[in-house]
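Report on the following structure.
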Amino acid sequence: MRKLAIGTALSGALALGVLAAPAASADSPDLAFTHVKVNNGKAIVVGTTAKVKVPVTYTLARPADLTVDYKTNFVGVLLYRGSLAEQDNSIESDTAPTCTTTATSDTRVIESCTETLVIDPRESLYEAADAGTWKTAGFYGHGASDLDDSDGHISFEFGYDMWTNAATAKIQRAAKLTVNATPEPVVKGRTLTVKGKLTRANWASDTYTGYASQKVALRFKAKGADAYTTVKTITSGTGGALSTTVKASKDGYYRFTFAGTSTTAAKTAAADYVDVR
């Protein structure tokens, strides 16, 4: 488990260059992050290698006299697990959001903002606990630096504020599912053995590992038909193994379907066509 605490986003601040010039103020600004929506409200499905881009939209209300330049200061929305002060893991963007002003007054500016979180499973996800519901928070960072060492002295100053909100996001492990019906072709009335395997992303090992004790439906669509029907439901065994038998009655397609869980995404296997003679 990787423990994070407030202020560890300094690396993100450096990526944005916020320490390149003096900050305007060390005070916490009056910011509000509302109407936060992550990935258009859908679950975020992550495998073991591919980076996943996650859109985040929100409304930002800030003081009219606060300029956010993404050089000396920055704002954004992050995902985190644990408490706000003691985070078990967090994911934030290293690029500035795109914000459009929608309303202004003498004291307040309202902006509609969009940013993209990039989830790299090899850098952002580490353990089984990372699959599930994450919280969201708005953040504000500001910094200053004096890198002139001619006087034998340098300095870094960095401030960081976070505001939690009610929005959440679900991160799920990607699943894989296979199916193979034998023998092919098969004589009508004979027994078909249908096997497969259900696996899911294991972020600790960067591999897909078997997912046992899960309900999986065997579905069939006759040649020329429009829809699949469920033949039977079985339970995955050791290593995610699937195996069952059916009587061959007509040409058609067999596939396994996994409905998913709170931590693992749904998956349907590519169909296997069987010629019945």
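Out of N202, N165, I need the residue that is within 19 Å of S90 (Cα to Cα) and modelled with pLDDT under 95. Which one?
Numbers: N202 fails: modelled with pLDDT under 95.
When all the criteria are applied, what remains is N165.
For V54, only one of the following conditions fails: (1) over 29 Å from R200 (Cα atoms); (2) touching a residue at least 12 places away in the same chain (Cβ under 8 Å). What is its number?
Tallying (1) over 29 Å from R200 (Cα atoms); (2) touching a residue at least 12 places away in the same chain (Cβ under 8 Å), V54 fails exactly one: (1).
Within region 188-208, take every residue that is without any contact (Cβ under 8 Å) to a residue 60 or more places away in the chain, out of contact with any Lys or Arg (no Cβ under 7 Å at 6 or more places or on another chain) and in a strand (DSSP E or B) and give me the one that is farthest from A266 (Cα to Cα).
We begin by selecting, within region 188-208, every residue without any contact (Cβ under 8 Å) to a residue 60 or more places away in the chain; these are 190-191, 193, 195, 197, 199, 205.
So of that shortlist, the ones also out of contact with any Lys or Arg (no Cβ under 7 Å at 6 or more places or on another chain) come out as 190, 193, 195, 197, 205.
Keeping just the survivors that are in a strand (DSSP E or B) gives 193, 195, 197.
Numbers: T193: 24, K195: 18, K197: 14 Å.
Ranking the candidates gives T193 first.
Step by step: first the residues of region 222-238, then only those that are surrounded by 13 or more Cβ atoms within 10 Å (Cβ to Cβ) and small (G, A, S), then the one that is nearest to the chain's Cα centre (by Cα). Which residue is that?
S236
From R219, R277, grab the single residue that is surrounded by 16 or more Cβ atoms within 10 Å (Cβ to Cβ) and basic (K, R). Steps first, answer last, please.
Working: R277 fails: surrounded by 16 or more Cβ atoms within 10 Å (Cβ to Cβ).
None of the others qualify; the one that does is R219.
Filter region 27-64 for residues that are over 20 Å from the mean Cα position of the chain (by Cα) and either modelled with pLDDT of 95 or more or outside the structural domain of T104 (by TED's automatic domain parsing) (or both) and give the result.
As a first pass, look at region 27-64 and keep what is over 20 Å from the mean Cα position of the chain (by Cα): 27-34, 59-64.
D30, L31, A32, F33, T34, T59, L60, A61, R62, P63, A64, listed by residue number.
Do you know which residues across region 121-163 are of a type in the set (A, V, I, L, M, F, W, C) and in a strand (DSSP E or B)? Step through it out loud before you land on a result.
Taking region 121-163 first, the residues of a type in the set (A, V, I, L, M, F, W, C) are 125, 128-129, 131, 134, 137, 139, 144, 147, 154, 156, 158, 162-163.
Within region 121-163, W134, A137, F139, A144, F156, F158, M162, W163 meet the criteria.
Restricting the search to region 94-120, which residues are of a type outside the set (V, I, T), farther than 23 Å from V45 by Cα and in a loop (DSSP other than H, G, I, E, B)?
Taking region 94-120 as the starting set, the residues that turn out to be of a type outside the set (V, I, T) are 94, 96-97, 99, 103, 105-106, 108, 111-113, 115, 117, 120.
Filter once more, keeping what is farther than 23 Å from V45 by Cα: 96, 99, 103, 105-106, 108, 111-113.
Within region 94-120, A96, S105, D106 qualify.
Taking region 151-179, which residues are surrounded by fewer than 17 Cβ atoms within 10 Å (Cβ to Cβ), over 24 Å from the mean Cα position of the chain (by Cα) and not β-branched (V, I, T)?
Residues satisfying the conditions are D151, G152, H153, S155, F156, E157.
Can you tell me which residues in region 181-216 are β-branched (V, I, T), surrounded by fewer than 16 Cβ atoms within 10 Å (Cβ to Cβ) and under 17 Å from G47 (Cα atoms)? Don't jump to the end; show me each part of the working.
Restricting attention to region 181-216, the residues satisfying the condition of being β-branched (V, I, T) are 182, 186-187, 191, 193-194, 199, 207, 209, 216.
Still in the list and also surrounded by fewer than 16 Cβ atoms within 10 Å (Cβ to Cβ): 182, 187, 191, 193, 207, 209.
Of everything in region 181-216, those that are β-branched (V, I, T), surrounded by fewer than 16 Cβ atoms within 10 Å (Cβ to Cβ) and under 17 Å from G47 (Cα atoms) turn out to be T207, T209.
Tally up the residues in region 95-116 that are farther than 22 Å from D30 by Cβ and over 16 Å from the mean Cα position of the chain (by Cα), please. Explain how you work it out, then say what you get.
So in region 95-116, the residues farther than 22 Å from D30 by Cβ come out as 95, 98, 114, 116.
With the extra rule that they be over 16 Å from the mean Cα position of the chain (by Cα), the set shrinks to 95, 98, 114.
Within region 95-116, residues that are farther than 22 Å from D30 by Cβ and over 16 Å from the mean Cα position of the chain (by Cα) number 3.
Please go through (1) of a type in the set (G, A, S); (2) touching an Asp or Glu at 6+ places or on another chain (Cβ under 8 Å); (3) surrounded by fewer than 14 Cβ atoms within 10 Å (Cβ to Cβ) for A103 and return the number of the only condition it doesn't satisfy.
Of everything listed in (1) of a type in the set (G, A, S); (2) touching an Asp or Glu at 6+ places or on another chain (Cβ under 8 Å); (3) surrounded by fewer than 14 Cβ atoms within 10 Å (Cβ to Cβ), A103 misses just condition (2).
Which one of these does T168 not meet: (1) in a strand (DSSP E or B); (2) touching a Phe, Trp or Tyr at 6+ places or on another chain (Cβ under 6 Å)?
Only one criterion is unmet by T168, namely (2).
The values are calculated or read from the model by the stated rules, or taken from the named source; none is laboratory data. Because the structure is a prediction, the values reported are computed rather than measured. No Cβ is skipped: glycine too gets one built from the backbone with ideal geometry, and neighbour counts run over all protein chains shown.
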